[in-house]
Amino acid sequence: MAETTATPARAIDLTRRQMFGAAGAAVALASAPAASAGAVTPAIPASKPGDPRFTPLYPRESATRSVRDLSGLWRFRLDPKDIGESQRWFDGLREARRIPVPCSWNDLFDDAANYFGAAWYETEFQLDPAWHGRRVHLRFGSAVYRAKVWLNGVAIGEHLGGHLPFAFDVTGQARADGPNRLTVMVENKLRLDRVPAIPDPDTTHLYQEDFPQTSYDFFPYSGLHRPVWLHSTPDNHIEDVRVTTSRTGTTGLVEVAVRASGGWSGPATLEIATDGGPIRQPLVIRDGAGTATVRVPAARLWSPEHPNLYTLTVRLGDATPIDEYALKIGIRTIAVQGDRVLLNGEPVHLRGFGKHEDFFLHGRGLDLPVIIRDFELLKWIGANSFRTSHYPYSEEAMMLADEYGFLVIGETPAVSLTFSDRAEIIEARRVQLRADIEDLISRDKNHPCVILWSMANESLTKPFHTADPVPADSVAKGTRFFADIFGHARSLDPSRPVAMVSVQGGPVEWVSQGDVICANSYNGWYAVSGRLEDAAATLRTEITTLHQKCGAKPIIVTEFGADAMAGVHGEPSQMWSEDYQSDLIAMYLDVLGSLPFVVGTHPWCFADFRTAQSIMRVGSLNLKGVFTRDRQPKRAAHMLRETWAGVKATDWHRVQPA
Ligand code: GCB
C-alpha cells in the first residue's frame, strides 16, 4: 500500500478492545513429572528455540534416526469461553469433531470462520517399541499463534509466534506401554502485542473497519498449519548443523559447525557425496561443539540456472556412528557490492513475486501439491525468485526452493509494525520479533535459496486507514527499533545481507539500515490511480530519489501491481481489468529496467489470496495475483512469460511433452 493522507470518510471512535498482555517467544514449563508406567529414561525439561536443547534440524530418517508423522484426522473443539484449561480438557477431549492436521480451521467449519480464540486438538499415538532407550522428540512445524501442549495430561510447554517450528524432548513422558494422548491448545487472538498485530484502539481512529480487523492485508488463518512429528534419536545426538560456503578458485569450501547434545565430546566425520566419490573430513567435537571445513574440488555451484545440491552427512563417533544426519547443501556465495547483488561473484537480477501460503479450504495449511504447482508456474513464467511475504513459509517449500533454484527473500512475520502505538506495546513486539528472527535463522540458515533476510514488511509511522497525524517521535522510535533488529539478525547470520521492505513513502531512516533497499510501490493503483503515463513519471522520480537518499545500495522493488478481476477487460485499459493490470506491470518493468541500480522486480503478487472482509476487497480476495486463486493465468501472466521467459502467446508449441 502507500502511506495515506486521505481524509476519513467516517471516523470511528474505538474503545479499548484488547487487553495488553505480556509477550514472550517460547516458554518451557518446569520439568513435568515423568509418566510413571513405561518410562524409558528420565524426563528432561521441554525445550524451546534458543535453548541449548532445542533441535532446529528438520526431522529426517537415517541409520540412527526414525521419524513418524502424526498428521491426519485429530479431534477438535472450540473453546470460546476459555474454560478448557480449568476444566482439564487435556484429560480427554469430549464433544469433539474431526479436523485434519495440518490445516487452518477457518474455512472448514461455519462457526469457526471468523473464530480466533482457543481451540483444542487431540490425538493418540503408540511409541514404536524399537525406540526403547532412545530419545524421543515431538516437533511442531507451526501453530498459529500460541500453542500449549500436554502429553498424557501433563503440560510440557508452550510456544508463541506462528509459522516457525518448536520441539519438546518427551523422552520418559511418552509411555512405551500404551497409547499416549497428545493435546494441543491453539489460539490466534488478534492482539496488540503480537507480531503481526492489530491497530491500537487507544491511539488510532480508523475510518475503515475491516472484519476481522487486522493491520495487514491477509486473512488471519489459524490452527496447526504444518505437520506434527515424533522422531527418535540416539541419546547422544547431533542437535544442530550450520553450513557456510565459500570458494577459492574452483574449489568449494564448506564450513560445517556441529552441535552435539549434552556437551558430548568425541570424534566425528563430515562427508560430502560428489560425482568423484565421497569426500570425508574428520572433526573433533569438544563439549558439544566442533567445526571443520570440507574442500570440494571443481565444485558445481548452486544458482537458479543450475541448482546443484550436494548431500552432506554428519556422523558422530568412529567406525559405527553413534548418530548420523544428512542434509542437502548448495555451494554458493552471496554478497552486496556497491549497488549490485552478487551471486557467485556475478551480478544477479531477481524476477519473481511476493506470494502467500493460501488456498481453498485448507487456508494456510501445508499443501504439497500447491507448492509444486506454484513452483512449476514460477518456472513457466520465467521467474527466478520469490519473497516469503509476509511470514516464514514451510520447511518443505524451502527445501523445494533449493531444488528448483529460486532466490528467496526470507521474511519474518513482522508486517505493518506501527510506531504510533504505545511504547510498552512496541517493546513487546520487539521481544517477539527478536525471538522470531532467532527461530527463522535457526531453521533456514542452511538453505542456499535464501539470499536475503527481510526483517519486516511495510512498517508504519501510523496505521493505514487513519487521518490522525504522524506522532512526532514515530520515526525515531522506529529507527531505534530497527537498529536493534538489524543488529540482532546480522549477529545471528553474518553470511547474508539483511533488509526491510518499505511502504511507499516510508521513512528512509528505516529502510536505509538494510544492505539492500526493498521498496513497495503502488503508482497507478493506490497513488496516481488509473493514469499510467503519470504513474511512470512518478515511479522514476520516486525510485531515483530513494536511491540517492539511501546511498549506493541495490534496490529491489518488492511490490507493485493492480487488482484485476479475472474475465474483466477494457480497451483502453482501465482499473480492475486484466488489461490494466498487465499494462501497469509492463510499465513498471520498463521504467525499472532502465535504472541500473534496480536489481529485482517482484510484481504483487503471484496469485489472488484471501483477506478480511473489506470495502476494498471483492469477495474477501486481494485480486492482485497474476494467477487466480486456483492458479489460472490472467493476461499479466502471459505478458510476464513473454518478457521473462521469451515465450510468446503465438507459440502454440509452448507445452513440450515430457
Ligand atoms: C501492500 C502489502 C501487501 C498488500 C498489498 C495490497 O503494500 O505489503 O500485503 O496485500 O499492499 O494489495 O494492498
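Got a sec? Which of GLY317, GLY354, GLY345, GLY363 is open to solvent by less than 20 Å² (accessible area, probe 1.4 Å) and free of Cβ contacts under 8 Å to residues at least 60 places away in the same chain?
None of the others qualify; the one that does is GLY317.
Hey, could you check the range 551-565 for residues that are farther than 30 Å from GLU346 by Cα and in a loop (DSSP other than H, G, I, E, B) and say which is most open to solvent (accessible area, probe 1.4 Å)?
MET565
Scan the range 320-329 and tell me whether some residue there is outside any strand (DSSP E or B) and surrounded by 18 or more Cβ atoms within 10 Å (Cβ to Cβ).
Checking the range 320-329: at least one residue is outside any strand (DSSP E or B) and surrounded by 18 or more Cβ atoms within 10 Å (Cβ to Cβ).
Just the residues that are more than 12 Å from the ligand (Cβ to nearest atom) and within 18 Å of MET575 (Cα to Cα), please, taken from the range 526-537.
VAL528, SER529, GLY530, ARG531, LEU532, GLU533, ASP534, ALA535, ALA536
Residue under question is THR461, and the condition is that it be within 16 Å of the ligand (Cβ to nearest atom) and either modelled with pLDDT of 95 or more or in the same structural domain as TYR404 (by TED's automatic domain parsing) (or both); does it hold?
Yes; evaluated as a whole, the condition is true for this residue.
Identify, please: which residue in the range 595-612 is surrounded by 24 or more Cβ atoms within 10 Å (Cβ to Cβ) and of a type in the set (Gly, Ala, Ser) and is, among those, nearest to the ligand (Cβ to nearest atom)?
Filtering the range 595-612 for residues that are surrounded by 24 or more Cβ atoms within 10 Å (Cβ to Cβ) and of a type in the set (Gly, Ala, Ser), the one nearest to the ligand (Cβ to nearest atom) comes out as ALA607.
Of the residues ALA167, ALA147, ALA155, ALA119, only one is small (Gly, Ala, Ser) and either over 30 Å from ASN457 (Cβ atoms) or open to solvent by 10 Å² or more (accessible area, probe 1.4 Å) (or both); which?
Going through ALA167, ALA147, ALA155, ALA119 in turn, just one is small (Gly, Ala, Ser) and either over 30 Å from ASN457 (Cβ atoms) or open to solvent by 10 Å² or more (accessible area, probe 1.4 Å) (or both): ALA155.
Please pick out the residue among VAL618, VAL591, VAL568 that is among the aliphatic types (A, V, I, L, M), within 30 Å of GLY338 (Cβ to Cβ) and either in the same structural domain as LYS634 (by TED's automatic domain parsing) or open to solvent by 10 Å² or more (accessible area, probe 1.4 Å) (or both).
After ruling out the rest, the residue left standing is VAL591.
Do we find that ALA586 is surrounded by fewer than 22 Cβ atoms within 10 Å (Cβ to Cβ) and either within 16 Å of the ligand (Cβ to nearest atom) or of a type in the set (A, V, I, L, M, F, W, C) (or both) in this structure?
It is true that ALA586 is surrounded by fewer than 22 Cβ atoms within 10 Å (Cβ to Cβ) and either within 16 Å of the ligand (Cβ to nearest atom) or of a type in the set (A, V, I, L, M, F, W, C) (or both).
Table: residues versus (1) open to solvent by 40 Å² or more (accessible area, probe 1.4 Å); (2) more than 13 Å from the ligand (Cβ to nearest atom); (3) not assigned by TED's automatic domain parsing to the domain that holds SER454.
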position: ARG480; (1), (2), (3): yes, yes, no
position: ASP493; (1), (2), (3): no, yes, no
position: PRO507; (1), (2), (3): no, yes, no
position: TRP510; (1), (2), (3): no, yes, no
position: GLY514; (1), (2), (3): no, yes, no
position: ASN520; (1), (2), (3): no, no, no
position: GLY524; (1), (2), (3): no, no, no
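How many residues does the range 444-491 hold that are under 25 Å from PRO392 (Cβ atoms) and in a strand (DSSP E or B)?
9
List pairs: first in the range 616-631 and under 15 Å from HIS356 (Cα atoms) and free of Cβ contacts under 8 Å to residues at least 24 places away in the same chain, second within 13 Å of the ligand (Cβ to nearest atom) and open to solvent by 20 Å² or more (accessible area, probe 1.4 Å), Cβ under 7 Å, 6+ apart or cross-chain?
LEU621/ARG610
Can you name the number of the only condition in (1) out of contact with any strand residue (DSSP E or B) (no Cβ under 7 Å at 6 or more places or on another chain); (2) in a helix (DSSP H, G or I) that LEU366 fails?
(2)
Check LEU400, LEU440, LEU417 and return the single one that is more than 16 Å from the ligand (Cβ to nearest atom) and surrounded by 24 or more Cβ atoms within 10 Å (Cβ to Cβ).
LEU440
The values are calculated or read from the model by the stated rules, or taken from the named source; none is laboratory data. The structure presented is a predicted model; accordingly, all values stated were derived computationally and were not measured. In this analysis, Cβ positions are derived from the backbone assuming ideal geometry, glycine residues included, and neighbour counts consider all displayed protein chains. Surface areas here come from the heavy atoms of the whole protein model, side chains and all, with no ligands, DNA or RNA. Shrake-Rupley method; radii C 1.70, N 1.55, O 1.52, S 1.80 Å.
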